[in-house]
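K.L.:
Here's a structure for you.
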């Protein structure tokens, strides 16, 4: 009888070990699959988009996003889920990922990778994992700027608006200035409003870093800060408008060579910092102001 119990206990341990190894192998396989999808995109980003003003915030988003994932993983447990929905979702995602890689669409490929990551989180950690990791994954999705087909109309409109507004300011100050489309004629100089000057890079960076700040400060309770989220766009555009005015003033006073030197990116960095401080100040002020959501919470 004792020997039979020992044998049964041994078989149960072997079965448990086999199941544990099977789960570990599956987890490793999912992680390896996501890595295989991510590495080619990251290499292409490092060779291209991340070297431009519009995508320069990408490496920072990647590091902060991975830190958020590690931070949120604490306390989460492996979920018992069925593999069938996971396989169906992956079968739907992979063809679009392959198409994105074949056509060089980094943004589409990255979005497909993020969707695959969402499916993997649900498979490994269940709904609790999705609730804990939805923001880090959404934050990482901001790492790759959308294609020109999506941002083109907005860039054109911002170019026109910033150029017209800057010309009005300098004309009011008595400067010899005129605008023609995205071109600004400032004295003897002809300035072109490039894509970076339209503020898309500043807007993307401020939105990503600002969302991270609000998420950490308000513990993920967006009811407390939705008004600050709405304020991000005008703050970014205003900061970039001030950047354009500053560069125009430097061009007029010190020459185009100085304005296009290290002063150009340095001015963008300084005004990004000012925009971020403005966002923090706006959030502090709005947090003190009474809101409908706060009244509802207090009544409850």
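The values are calculated or read from the model by the stated rules, or taken from the named source; none is laboratory data. Only a predicted model underlies this, so the values are computations on that prediction, with no experimental measurement involved. Heads up, the Cβs are rebuilt from the backbone with ideal geometry, glycines too, and the neighbour counts pull from every protein chain shown.
K.L.:
Within the group 26, 55, 46, which residue is in a helix (DSSP H, G or I), farther than 24 Å from residue 130 by Cβ and modelled with pLDDT under 90?
P.N.:
46
K.L.:
So, one more: List the pairs whose first member sits in the stretch 140-168 and is at pLDDT below 80, whose second member is surrounded by fewer than 16 Cβ atoms within 10 Å (Cβ to Cβ) and assigned to a helix (DSSP H, G or I), and whose Cβ atoms are under 8 Å apart, counting only residues at least 6 apart or on separate chains?
P.N.:
155/148
K.L.:
Looking only at the stretch 123-139, count every residue that is at pLDDT below 85 and within 28 Å of residue 40 (Cβ to Cβ) and tell me the total.
P.N.:
Within the stretch 123-139, residues that are at pLDDT below 85 and within 28 Å of residue 40 (Cβ to Cβ) number 3.
One line per residue, one yes/no per condition, for (1) under 24 Å from residue 209 (Cβ atoms); (2) in contact with a strand residue (DSSP E or B) (Cβ under 8 Å, 6 or more places away or on another chain); (3) surrounded by 14 or more Cβ atoms within 10 Å (Cβ to Cβ):
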| residue | (1), (2), (3) |
| --- | --- |
| 36 | no, no, no |
| 39 | no, no, no |
| 48 | yes, no, no |
| 58 | yes, no, yes |
| 64 | yes, no, yes |
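K.L.:
Kindly establish whether residue 120 is under 21 Å from residue 34 (Cα atoms), within 24 Å of the chain's Cα centre (by Cα) and modelled with pLDDT of 90 or more.
P.N.:
It is false that residue 120 is under 21 Å from residue 34 (Cα atoms), within 24 Å of the chain's Cα centre (by Cα) and modelled with pLDDT of 90 or more.
K.L.:
For the stretch 89-99, state whether one or more residues are part of a loop (DSSP other than H, G, I, E, B) and either in contact with a strand residue (DSSP E or B) (Cβ under 7 Å, 6 or more places away or on another chain) or over 19 Å from residue 207 (Cα atoms) (or both).
P.N.:
Checked against the condition, which is being part of a loop (DSSP other than H, G, I, E, B) and either in contact with a strand residue (DSSP E or B) (Cβ under 7 Å, 6 or more places away or on another chain) or over 19 Å from residue 207 (Cα atoms) (or both), the stretch 89-99 yields no hits at all.
K.L.:
Quick check, is residue 71 more than 14 Å from residue 34 (Cβ to Cβ), modelled with pLDDT of 85 or more and within 19 Å of the chain's Cα centre (by Cα)?
P.N.:
yes
K.L.:
Let me ask you something else. Checking residue 255 against (1) within 29 Å of residue 60 (Cβ to Cβ); (2) modelled with pLDDT under 80; (3) surrounded by fewer than 18 Cβ atoms within 10 Å (Cβ to Cβ), which test does it fail?
P.N.:
Answer for residue 255: the failing condition is (1).
K.L.:
Here's a check for you: in the stretch 169-189, which residue that is within 25 Å of residue 234 (Cα to Cα) and at pLDDT below 80 is surrounded by the most Cβ atoms within 10 Å (Cβ to Cβ)?
P.N.:
If we take residues in the stretch 169-189 being within 25 Å of residue 234 (Cα to Cα) and at pLDDT below 80, then 179 is surrounded by the most Cβ atoms within 10 Å (Cβ to Cβ).
K.L.:
Do you know which of the residues in the stretch 273-290 that are touching a helix residue (DSSP H, G or I) at 6+ places or on another chain (Cβ under 6 Å) and at pLDDT 90 or above is farthest from residue 235 (Cα to Cα)?
P.N.:
283
K.L.:
If you check every pair at least six apart or on different chains, which have Cβ atoms under 9 Å apart with a residue in the stretch 244-266 that is in contact (Cβ under 8 Å) with a residue 12 or more places away in the chain and at positive phi first and a residue that is in a helix (DSSP H, G or I) and surrounded by 13 or more Cβ atoms within 10 Å (Cβ to Cβ) second?
P.N.:
The qualifying pairs do not exist here.
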